[in-house]
Structures are given as C-alpha cells and as structure tokens.
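Here's the structure we're looking at; comments come further down.
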Amino acid sequence: MLPIVSITLFLPLVGAACIMVLRKAPASVVHGIGIATGALTLAGAVWMWSRGVLPAGFSQVEQIGWMPAIGAAYRVGVDGISLPLVLLTALLFLLTFIFSAKVKERPHAYVVLMLLLETASIGTFTALDALLFYVFFEISLVSMYFMIAGWGHEDRQRAALMFFLYTLLGSLPLLLAILGLYLGSDPHTFDMRVWIASPPLTGTAAMLALVAMLFTFAVKIPLFPLHTWLPAAHVEAPAAGSVILAGVMLKFGAYGLIRFALQMTPEAFRHAAVIILVFGVVSALYGAFAALAQTDLKRLIAYTSVNHMGYVVVGVAIAALATDPAVRALALDGSVLQMISHGLVTGALFFLVGMLQDRAHTREMARFGGLLKVMPILGWSFILAAFASLGLPGLAHFPAEFQIFLATLRVEPAAIVVILGIVVTAGLYLRAIGQVFLGEPREQWKGLTDLNARELLTLVPLLVLIVGVGVAPAWVLDVIHTTTATLHF
C-alpha cells in the first residue's frame, strides 16, 4: 500500500530542497514552488481523509526501524482526532503560500522556512513515536522563531525571542515526562500506542509526569497565566505567521493534552481534572475580558484565541470527569471540533487584518471608520468571521461550543460560568465592527482598494468552510467521533 502519510509528511521538504537547489530563481518561481507543494500536500491530506480511520486505535500506520536498541522507530499514523488536524494544517499552509506570493524580501528563505514548518506541523500530529513527536515539536519552534524574527514588524526581535524562550523552556518538562514514560514501560519503548493501551506510570510517578506535560501544553495552548508570549508574537509576526501560529501551532498544546496527558496518564488526569477545569474556565474568561480592553485589532484577535482555546481545555477536563461514555465522547467531540473551527475562523481573521494593514499601515481601531463602504468585500468577510468567532448559530464555532457547554452542564454545572465568555466576545466584536467598518469613511481611507484575486483565493475557502462546518458539522464530527466514542481512560 502506498505510504500516503509519509508522502504527505515529507512533500514540503521536497519542495524546500527544490528551492534550495534553485538559489537564483526569481521570487515568482519560488512562490510557485511553494504553492504547488502546498497543493500537493493538501491533496495528500485529502487522500488520507478518503481512506478514513478505524473505530479503535490508529489507522494508516507506517513504521520503519530507527533506533531499535532504545525502542525508538519512525512510526506515523492517524486517528479521528489527528486526521482532521492534518487536513486543517495542509489547508492553512496552502492558503498562506498563496497569500505570501507578494513577499519579495528574501523569498527563498521565507518559503523554505514555511515548508519546513509544514512538515514539522504534520509530523507533530501524525507521530506515533514519542521521541519523533518531540523532534517535530521542537523543529516547529525554530521555524516560527525565524519567521517572526525575519519577516515580522517593528518589535519582531523581542517578540521572536520571547516566543522561542517561552516555548523552548516550556517543552523541556515534556522531554522529562517522555523519559519517565519510557523508563516505566516494560520492555522500554517510545511507541505511543503501547503507552496509551497500557499506561506505564501509576501513583506519584504518573502525577509528576502529568504535571510536567501540563506545563508544556499549557504554555503552547496557551493557558492563563502562561499566555503572555502569545499577544506579542501575534502582533509582531507577519500575517501568514499569525495564521499558522494560531491556526496550527496552538493546536499542538491541545492535541498533546489529549494524546499524552489524558491518554497516557489517565488516572492522574482524573484526579487533577477539577484543577485543569478551573484553569480552562479562568483562561477562557480572561481571554475574553483581555480582548475587550484592546485597541489594536490584531491583539484583540490574539486574546480571543486564549478565550477559545480555554473552551478546548474545559471540554477535555469535562471528558476526564465524566462517568458516562456518551458524555465523555460529547465533550471530546466538541473540543476537537473547536480546534478545527478555531483554525478556520482565526485564520480568516488574521488574514483579513493582514490585508487591512497592508493597505492602511495601522491596526488601531479608533483610526478607522466607514470601511464597509470603501472595502465591502473585506468588510463583510470580516463581519462573517467575527460572527463565527462570537459563536453565532450556523457558523463554525457554534456546534463545537454547544457540545462543550452541554457536556459541562451534565458533569460540572458550576463551570458553565464559562459561557459568559461568549457574551463578552460578542460585545468586543460588535464594538470592533462598529469602530472599523460602520459609519462614514474618513477622507484618508477613501482611496483604499478592496480585495484582489489572490486575496480572495486565500480567503474564500475559509469562509466557505466556516459556514459549511457551522451548518453541517457531521462530515467532520463523524470522523472525530469514530475515535472519541471508543476511548477508554
């Protein structure tokens, strides 16, 4: 059988190698290679999707010996949790390649870094060997650091350094936890499937491993109070970097929370679930209120990411507390779908802010006004994405958040206070829409142009999927539920 997972995983590296060979190629050729490689990678992800997943365990598994003496191997595969994330990753990278076709500053390095980051991202979601997972996890940090530092805005060096130090230091406890799980397994192995089927640690050892993993993934999600690197990184990153950071890389933390913390230390996670739930609720509410205080449109969207990822953590904690398997699956279905919808909605919003900044060279909401009359396509697109972000029924966030809140009511009703985040989010987006797009346009903005063909090609797929997932989420939920319905922890 064709190793489609490995082909999809390493296709971006083939594109990067081609660009490195063609060092004197013009920018148009370099961007063309990036777009073509991104399209082929998306085709590979769609092919993986068409193969589907098994009702239990992992599907499409590919394995090659790597370091047999220590039980490490190249192992990749997918299940109903990782497969939608792979498809989301491939889609967002293709769209960022299209959006970034205008980049003229060091295009070779830019596209090569993006392709390396794509392989690292897909590898993080498909790795079934813990050592391999950690390698991909770390490579992604290096790639994003250079993206922010090399193509970001005014304070990019400081933001890139903060991002790198936070996430690098934050990932060290995960390495310790992986070593602990390895030493606890008999025979010693880094096979994640073995650790999930038979958790190797119990008691105090399992709790220590859980604490280490929670620290790493809380930084990555990010959860309050370990979120402070995120606004600076988003504000200073180029628009394409913000899309990947929010749409893909924040999911590393949430995915790791499910795949490692919940599945590999299930008993310890259950004991700590109430504390994790509290952090999820606080983070969701804090993110909403912090966003309400922002005047910079990009920083506002960055803080709403803290809010929405807080909902994901609430769903995972509720799943751990639930005794009814149906409620457990409901909470996890909502959490995984929230990851997908967040990638679509926040990706669209960051693209739109980038398009606006390219024209106006500012993101301060108070300086705008009346842009809906000047740029109706951009304006209505932003309104649609903003309504999706505030959880409007019929758009992508609603079915995800509804399942999380419903499961919360059935397991821990007091935690439903988290729903206040939706009210605050609605207020902050309505204020932003009013300030930026409604009213009469100022004289200085009347000459702004609306979206061009390249920008529409970037944006329209996300808007279509935002509506598609909101109206008919079953095509995604059926894949997710295939796995969540069979999880035992």
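The values are calculated or read from the model by the stated rules, or taken from the named source; none is laboratory data. These numbers were taken from a predicted model, which means no experiment stands behind them. Neighbour counts are summed over all protein chains in view; Cβ atoms, including those assigned to glycine, are modelled from backbone coordinates with ideal geometry.
Here are some notes:
- When we screen F97, F137 for residues that are in contact with a His (Cβ under 8 Å, 6 or more places away or on another chain) and in a helix (DSSP H, G or I), the only hit is F97.
- Being part of a strand (DSSP E or B) and of a type in the set (A, V, I, L, M) holds for only one residue in I19, I7, I64, I33, and it is I64.
- Test: F398 is more than 16 Å from A348 (Cβ to Cβ), in a helix (DSSP H, G or I), aromatic (F, W, Y) and under 22 Å from the mean Cα position of the chain (by Cα): no
- Annotation note: Cβ proximity below 6 Å between a residue of region 182-196 that is at negative phi and a residue that is of a type in the set (S, T, N, Q) and surrounded by 19 or more Cβ atoms within 10 Å (Cβ to Cβ) (sequence gap 6+ or interchain) occurs for I196/Q263.
- Near pairs, Cβ below 8 angstrom, 6+ apart or cross-chain, from region 470-487 (over 17 Å from S50 (Cβ atoms) and in contact (Cβ under 8 Å) with a residue 40 or more places away in the chain) to any residue that is basic (K, R) and part of a helix (DSSP H, G or I): T484/R328; L487/R328
- Each residue in region 468-489 was checked for being part of a helix (DSSP H, G or I) and surrounded by 15 or more Cβ atoms within 10 Å (Cβ to Cβ), and 11 pass.
- Boolean, L372 is assigned to a helix (DSSP H, G or I), among the aliphatic types (A, V, I, L, M), in contact with a Leu (Cβ under 7 Å, 6 or more places away or on another chain) and surrounded by fewer than 24 Cβ atoms within 10 Å (Cβ to Cβ): yes
Residues checked against (1) under 26 Å from P461 (Cβ atoms); (2) among the aliphatic types (A, V, I, L, M); (3) in contact with a strand residue (DSSP E or B) (Cβ under 7 Å, 6 or more places away or on another chain):
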site	(1), (2), (3)
T37	yes, no, no
L40	yes, yes, no
A43	yes, yes, no
S50	yes, no, no
G57	no, no, no
V61	no, yes, yes
W66	no, no, yes
I70	no, yes, no
A73	no, yes, yes
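- Within region 57-84, residues that are basic (K, R) sit with their Cβ atoms under 7 Å from residues that are in a helix (DSSP H, G or I), at 6+ positions apart or across chains, in these pairs: R75/L132.
- Yes/no for L11 being at negative phi, at pLDDT 95 or above, under 21 Å from the mean Cα position of the chain (by Cα) and hydrophobic (A, V, I, L, M, F, W, C): yes
- Residue satisfying all of: in region 331-369; of a type in the set (F, W, Y) and part of a helix (DSSP H, G or I); farthest from the chain's Cα centre (by Cα) among these: F351
- Remark: pairs (first residue in region 358-371, aliphatic (A, V, I, L, M); second residue part of a helix (DSSP H, G or I); Cβ separation under 6 Å; 6+ apart in sequence or on different chains) = M365/L297; M365/A432; M365/Q435; M365/V436; L371/G379; L371/V436.
- Qualifying residue in region 424-436 (condition: without any contact (Cβ under 8 Å) to a residue 24 or more places away in the chain, within 22 Å of the chain's Cα centre (by Cα) and either assigned to a helix (DSSP H, G or I) or farther than 30 Å from D79 by Cβ (or both)): no
- The residue list A39, A73, A45 contains one member that is assigned to a strand (DSSP E or B), under 25 Å from L141 (Cα atoms) and small (G, A, S), which is A73.
- Residues that are crowded, with 24+ Cβ neighbours inside 10 Å and touching a helix residue (DSSP H, G or I) at 6+ places or on another chain (Cβ under 6 Å) within region 127-136 comprise A127, L128, A130, listed in sequence order.
- The set of residues from region 391-415 being buried (at least 24 other Cβ atoms within 10 Å of the Cβ) and without any contact (Cβ under 8 Å) to a residue 40 or more places away in the chain comprises just one member, G391.
- Complete set of residues in region 143-188 that are over 18 Å from M213 (Cβ atoms) and either among the charged types (D, E, K, R) or in a loop (DSSP other than H, G, I, E, B) (or both): G152, H153, E154, D155, R156, R158, D186, P187, H188
- Pairs are defined by a Cβ separation below 8 Å, a sequence spacing of at least 6 or placement on different chains, a first member in region 26-47 that is among the aromatic types (F, W, Y), and a second member that is assigned to a helix (DSSP H, G or I); the pairs so defined are W47/I4; W47/T8.
- Matching residues, region 298-337, being surrounded by fewer than 22 Cβ atoms within 10 Å (Cβ to Cβ) and within 22 Å of P231 (Cα to Cα): R299
Every residue, every condition in (1) more than 19 Å from L285 (Cβ to Cβ); (2) free of Cβ contacts under 8 Å to residues at least 60 places away in the same chain; (3) not in a helix (DSSP H, G or I), yes or no:
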{"residue": "A206", "(1), (2), (3)": "yes, no, no"}
{"residue": "A212", "(1), (2), (3)": "yes, yes, no"}
{"residue": "V219", "(1), (2), (3)": "yes, yes, no"}
{"residue": "L223", "(1), (2), (3)": "no, no, yes"}
{"residue": "H227", "(1), (2), (3)": "no, no, yes"}
{"residue": "L230", "(1), (2), (3)": "no, no, no"}
{"residue": "H234", "(1), (2), (3)": "yes, no, no"}
{"residue": "V248", "(1), (2), (3)": "yes, no, no"}
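- Failed item, numbered, when A120 is tested on (1) buried (at least 20 other Cβ atoms within 10 Å of the Cβ); (2) out of contact with any Lys or Arg (no Cβ under 8 Å at 6 or more places or on another chain); (3) in contact (Cβ under 8 Å) with a residue 24 or more places away in the chain; (4) closer than 24 Å to F350 by Cα: (3)
- Any chance A317 is of a type outside the set (S, T, N, Q), touching a residue at least 60 places away in the same chain (Cβ under 8 Å), under 19 Å from I81 (Cβ atoms) and assigned to a helix (DSSP H, G or I): no
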